[in-house]
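Chemist: Right, I'll just put the structure down here and ask away after.
Values quoted throughout were computed directly from the atomic coordinates according to the rules given, and no laboratory measurement underlies them. Computed from a prediction, not measured in an experiment: that's the story for all the values here. Here the Cβ positions follow ideal geometry from the backbone for every residue, glycine too, while neighbour counts run over all protein chains shown.
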């Protein structure tokens with residue numbers, strides 16, 4: 001079975017996170033973080049649940065925002081986060097779920113099928129603009145599927161945590177976060193959703209996606225923080 005921890009170098013969660021800064025910023029951050037000490041991330045389920053909360057916050061902000069330019073920036077961020085999150089789960093989390101949890105294969109297969117439905121809707125959504133009449137309905141339909149998946153997946157994660165132990169869970173959390181650096185940042189529903197084939201195809205798609213990211217606009221850190229704070233209120 002493919003193990004992502006043997007392939008991906010250690011990198012912090014913030015590496016290659018989109019911003020409005022020049023492209024040289026990314027190269028500098030990569031060089032800084034390639035040899036850095038891993039941060040304390042907590043358990044695997046904690047890291048994944050935090051991603052889920054962020055996606056919910058960005059979704060809410062897109063709907064509440066009245067400025068189309070800002071909507072477009074948060075749309076780019078939402079797509080970027082969800083695409084990386086989904087593929088990293090498929091590469092790091094689901095193989096362990098299959099192997100270590102009773103009925104884990106059935107759970108992982110269900111989660112992959114739900115991911116596929118979300119990816120197909122995300123693929124359509126990433127082609128839209130805020131001024132399109134079906135922009136918000138498409139986002140809401142996507143989120144309906146995503147919320148259902150999140151509820152079921154978080155139950156699966158609790159079962160997984162019971163067999164992992166704290167040290168192994170932290171190690172998987174770190175693998176999950178650093179894997180995001182190398183995944184595609186847009187939806188590619190035709191890509192296989194299991195390693196090793198997903199890994200090979202994903203590594204070919206990722207550079208093209210990251211090139212597109214350089215020409216896209218994203219929220220500032222302050223804008224993201226405000227959106228997350230508002231969602232918690």
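Chemist: So, by mean Cβ neighbours within 10 angstrom, what's the order for 227-233, 217-223 with the highest one leading?
Modeler: Listed from highest to lowest mean packing, they are 217-223, 227-233.
Chemist: Per-residue counts of other Cβ atoms within 10 Å, averaged by peptide: what ranking do you get for 143-150, 207-214, 118-125, highest first?
Modeler: On the way: 143-150: 17.2, 207-214: 14.4, 118-125: 19.4.
Most protected by this proxy first, the peptides run 118-125, 143-150, 207-214.
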